[in-house]
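Heads up: the structure comes next, in structure tokens.
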Amino acid sequence: MNATGILPLAAGLLLAPLVPGVITRTKAFFAGRRGQPLLQLYFDLWKLLGKGATYSRTTTWIFRAGPLVGLAAVLGVLALTPLGGLPAAVRFPGDVWLFAYLLGLMRFATVLAALDTGSSFEGMGASREALFSALAEPALLLSLAALALETHSSSLSGILGRLSAGSWLVQGPALALVVAALVVVLLAENARIPVDDPTTHLELTMIHEVMILDHGGPDLALLLYGAALKLWVLAALLVGVLLPLRTGRPLLDAGASLAGVLLVGVAVGVVESSMARLRLRRVPKFLIGATALAVLALVLILR
């Protein structure tokens, strides 16, 4: 770990809660409203950290450990994620697979915590989360495999560091398919429309939100912060593939990637303002389509 590797980690830790604020303000703009402040999530986290937590008698240590394990896992993911021309704080051959498995561990901890409440309502959300994540993971893994083959690297820093405008000239169609698959993965993994609606209050359609209903105070703050970090790392991965700017000045490239991450927030807000959530029975087809795109990208790179 060197000084340049600390910068992507610090940027994610400090700026990740800003991305949900960008999404909210974008949606407010399309709705003709003023909307919440950009820094609203920062205020919410500070307020929640100052509160206490109430635990049901039916819960065990699993319920309390869920937010902590989930946050620890996504912090590990953030440490593996580069930003623009700056490498990740932690990098080694094969870390791209650890990146995917840590995201799975975060989800697993959240699902276990929801099931530990003994609530059939939260169990319903957990089962849906498990199903949709099982369909989204192949798209993510195959997309990462395609990128690894294209760049001949199994490290996320090596993959994004070797991508350039020239890569798009040679493998443009394959990279475009990878980007499309990663967009679907980003929306699904972060419980965004059209897969899930983070603002819904309809019991029969809630997925992620229903799993954290029993969490409050610091536990809820950890979950919200972890979700913001997850959105940040997947947006950074998407920007790294879509806009591999290489000016020779790492800080300038990192600044451009940072702007790209915020633009991803704007794009998510536009998507959520322009389309409705899919019916639950159509979500699997949507996710399987992303996997098909990733398979096709892999085939194009292997040919």
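Here is how the numbers come out for the structure above:
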read-out: Equivalent ellipsoid semi-axes - Cα gyration tensor, the chain, angstrom; value: 30, 21, 20
read-out: Heavy atoms of Leu298: accessible area, 1.4 Å probe, square angstrom to 10; value: 30
read-out: The stretch 13-103: projected area of the alpha-carbon convex hull, averaged over directions, in nm²; value: 9.2
read-out: Scattering profile of the stretch 190-303 at q = 0.15 Å⁻¹ [log10 I(q)/I(0), Debye over alpha-carbon scatterers]; value: -0.90
read-out: Distance in nm between pseudo-label sites at Ala28 and Val299 (7 Å out along the Cβ direction from Cα); value: 4.6
read-out: Per-residue [θ]222 nm for the chain (sum of -39500 (n - 2.57) over DSSP H runs n ≥ 4, rounded to 500); value: -24000 deg cm²/dmol
read-out: Area of Ser274 that stays accessible when all protein chains are in place (1.4 Å probe, Å², to 10); value: 90
read-out: Karplus 3J(HN,Hα) series, Hz, for the stretch 98-109 with 6.51 cos²θ - 1.76 cosθ + 1.60 (x for Gly, Pro); value: 5, 3, 5, 5, 5, 4, x, 5, 4, 5, 4, 5
read-out: Extension gain (nm, one decimal) between Ala259 and Ala53, 0.36 nm per residue minus Cα-Cα; value: 70.5 nm
read-out: Met206 - accessible surface, heavy atoms, 1.4 Å probe, Å² rounded to 10; value: 10
read-out: Kirkwood hydrodynamic radius over Cα pairs of the stretch 58-111, then Stokes diffusion coefficient at 37 °C and 0.692 mPa s, in µm²/s; value: 274
read-out: Added length on full extension, which subtracts the Cα-Cα distance from 0.36 nm per residue, Leu131 to Ile62; value: 22.7 nm
read-out: Cα long-axis angle, helix 165-189 against the chain (0 to 90 degrees, to the nearest 10); value: 0
read-out: Distant-in-sequence amide H partners of Leu86 (H built 1.01 Å from N, under 5 Å); value: Ala254
read-out: Convex hull per residue volume in Å³, alpha carbons only, for the stretch 117-157; value: 73
read-out: 19 Å tail of the calculated P(r), the stretch 132-241, as % of Cα pairs; value: 52
read-out: Calculated FRET value between Gln36 and Val266, using beta carbons and R₀ = 22 Å, to 0.05; value: 0.90
read-out: Taking the stretch 170-273 and dividing mean pair separation by its residue count, relative contact order in percent (alpha carbons under 8 Å, at least six apart); value: 29
read-out: Inter-site label distance for Leu280 and Ser164 at 7 Å from Cα along Cβ, in nm; value: 5.0
read-out: Å² per residue, accessible surface of the chain at 1.4 Å; value: 46
read-out: For Ser154, distant residues with modelled amide H under 5 Å away; value: Gly94
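The values are calculated or read from the model by the stated rules, or taken from the named source; none is laboratory data. Predicted model, so just to flag it, every value in this text is computed and none were measured. Counting neighbours? That spans all protein chains shown, and the Cβs are built from the backbone with ideal geometry, glycine included. For accessibility, only protein heavy atoms count, side chains too; no ligands or nucleic acids. Shrake-Rupley method; radii C 1.70, N 1.55, O 1.52, S 1.80 Å.
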